[in-house]
Structure formats: C-alpha cells, structure tokens
Amino acid sequence: MRTVKKIALATATVSALTLGSMSVYAADGDMSRQLTEARQEGSVWTAFALNRHLSPFAIDVDIENGVATLTGEVESDVERDLAEQVALGVEGVNEVDNQLRVSGEGAQRTADGDRTFSDRFNDATTTATVKSKLLWNRNTEGLDIKVSTRNGIVTLEGRAGSEAASELAERLARNTEGVRRVENNLTVSAEGGTADKARDRVDDAGGAISDAWITSKVKSSFLFNSSLDGLDISVDTKEGQVTLSGQVDNDAEKSLAVEIAENIRGVRTVNADNLRISGTES
C-alpha cells in the first residue's frame, strides 16, 4: 500500500507543478492566487530544466499576478531572450520582467549541474508540496515563508508571528514525503505573521469555502504526510463538517489524521468515529 501511496502522491504533486491555472475553490482570493503562482513557478522551472540551452544556468523565477520575474545569469543575449519566451509559454504567465544578466562564459552555473533531472524534479516537487501544505493550513497560510529544497533537505526562510507558528511550519514540512531534514531559518516577529487574522477571516467566511475544496485538501494533506497511509482514509465534508472513515494502523495515526483535518482552512468540526484502528472491532 505504501508503494501505491507514493505513486498517488507523485501523480498529485506532478499535477500541482504542471497545471498552471487549476481552479481553486476558496473564500480567500489571495490564497488561491498564491497556490496558482506556486504551480506556475514550478511549470516555468520544469520548462527551463528540460531545455538543454537553459538547464545549465542558475535562473530564479518569481511569479506575481501573471508577471514572471527572471533573475540570474546566462552566457548570451540569445539565452536571455529564450528564457523569456519559454516563461511566456507557460499558461497564466502574461508578462515577463527579464532581469537576467548576460555574463558571457562567467555566468553562474546551477549548483545542480552534477545532479540528474529526476533529483532536481523531486526537489521541486517537494517544494511545491510543502508550499501547498503551508497555504492550506489555517495557522500558517498567512505567514511570509520562502521554501526551497535540495537533496531532500527543506529550508524555510522568512518570518513567523510566534515560536508556535514557526514550529508548526517546520513540522508540516518535516512530515512530508521525500523530506530528509528541515532547516528552519524562520525569524519570529509580530509583524511577520498574520495567521490569527487569517483564521478569523476563515471563521467569518464559514461556508464560503466549498465542501469539495475542503475534502480535496484534507485528502491531499493525508497523502502528502509521511506518517499516514492516506489512501485508507475516506473523507466526506458537509457544511464544513468533516467525517473520516476507513482504517489506520494505530491511535497515533488516528490522532494525526484528526489534527491534520482540523487545521485545514474552513473546517468546522471533525468526526472520526468511523475511522477504525487495524485489528480492533468495528
């Protein structure tokens, strides 16, 4: 079952990387925008990595409101223009702010040059997964966190509003398939986190977040968690009330499933009465 889970996880995360404009049913338009931009950045990165003329160079991509900002170095104007055209070819990218520098043969080469495309793609997938989990969680979606991954080591940078928020972000990243270690470089400052306000907006929004969206994110969060076999858990949502059924291996997994579901944005209550523990009576 673990193998099947990994296949399902890979399918879900690859889709998240390549679908540039997937519909997101959420009350908060800003969260929807951030999720879409994360997918678009993954799509642009993939396009660069697959292009033999661009893959050797360290090119950073940041997308906001349909504008892709490219930074880094390339060897010639041809490569600079090519990068712009490749980025424009990604669905949802309407404009490119091309800040790439032409440095000739002194251009900075990516540190990933000695790694396979599969390794780099796995890291990009992990980054996209962690970003999604942070955005879906009602206690971290408002935080200013930058996520990067290399060889399965996830680095979190930015600001959190409290030590508790910083620790939660680290735990969400650590309990993600493919993550070997988490480097938590978040700084704690009152100005850096808006999680409490975000949670209040969700509570006020109530049923504005669709049940289908909640079910989808709870299921995805189970699949993305390295400590759960998410395919054995069924999820049903009605008016923000989540019902879990199926089977887990032990009490710890059941408690974890409930905790994950409770922290998804828009969830009001979680009923896990029908979530059975393997080997116990129905």
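The values are calculated or read from the model by the stated rules, or taken from the named source; none is laboratory data. Predicted model, so just to flag it, every value in this text is computed and none were measured. Cβ: placed from backbone, ideal geometry, glycine included. Neighbour counts: every protein chain shown.
Points to keep in mind about this one:
- Selection within segment 76-111 - hydroxyl-bearing (Ser, Thr, Tyr) and modelled with pLDDT under 75: Thr110
- Members of segment 221-240 that are farther than 15 Å from Thr129 by Cβ and free of Cβ contacts under 8 Å to residues at least 60 places away in the same chain: Ile233, Ser234, Val235, Asp236, Thr237, Lys238, Glu239, Gly240
Matching residues to (1) in contact with a Leu (Cβ under 7 Å, 6 or more places away or on another chain); (2) assigned to a helix (DSSP H, G or I); (3) hydroxyl-bearing (Ser, Thr, Tyr):
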| site | (1), (2), (3) |
| --- | --- |
| Lys131 | no, yes, no |
| Leu135 | yes, yes, no |
| Thr149 | no, no, yes |
| Thr155 | no, no, yes |
| Arg159 | yes, no, no |
| Glu170 | yes, yes, no |
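- Single residue of segment 39-67 satisfying the filter (modelled with pLDDT of 80 or more and hydroxyl-bearing (Ser, Thr, Tyr)) that is surrounded by the most Cβ atoms within 10 Å (Cβ to Cβ): Ser43
- Which listed residue, of Ser166, Ser162, is more than 13 Å from Thr126 (Cα to Cα) and either surrounded by fewer than 20 Cβ atoms within 10 Å (Cβ to Cβ) or modelled with pLDDT under 85 (or both): Ser162
- Pairing each residue of segment 71-87 that is on the phi < 0 side of the Ramachandran plot with any residue that is assigned to a helix (DSSP H, G or I) and surrounded by fewer than 16 Cβ atoms within 10 Å (Cβ to Cβ), provided the two are 6+ apart or on different chains, yields C-beta distances under 9 Å for Glu73/Gly106; Glu75/Gly104; Glu75/Glu105; Glu75/Gly106; Ser76/Gly104.
- Criterion violated by Asp114 - all others in (1) exposed (fewer than 13 other Cβ atoms within 10 Å of the Cβ); (2) modelled with pLDDT of 85 or more satisfied: (2)
- Pairs linking a residue in segment 241-267 that is touching a residue at least 24 places away in the same chain (Cβ under 8 Å) to a residue that is polar (S, T, N, Q) and in a helix (DSSP H, G or I), with Cβ atoms under 6 Å and 6 or more positions apart or on different chains, are Ile260/Ser221.
- Residue check, Asp232 within 17 Å of Asp273 (Cα to Cα) and at pLDDT below 90: yes
- All of (1) under 16 Å from Arg138 (Cα atoms); (2) out of contact with any strand residue (DSSP E or B) (no Cβ under 7 Å at 6 or more places or on another chain) hold for Glu239 with one exception: (1).
- Hits in segment 212-227 (condition: among the hydroxyl-bearing types (Ser, Thr, Tyr) and either surrounded by 24 or more Cβ atoms within 10 Å (Cβ to Cβ) or not assigned by TED's automatic domain parsing to the domain that holds Asn271 (or both)): Ser221
- Residue in segment 253-282 that is surrounded by the most Cβ atoms within 10 Å (Cβ to Cβ), counting only those that are part of a strand (DSSP E or B) and of a type outside the set (D, E, K, R): Ile264
- Any pair with Cβ under 9 angstrom, 6 or more apart, that starts in segment 43-68 at a residue that is in a strand (DSSP E or B) and ends at one that is among the β-branched types (Val, Ile, Thr) and at pLDDT below 85: Phe57/Thr110; Ile59/Thr110; Ile63/Thr36
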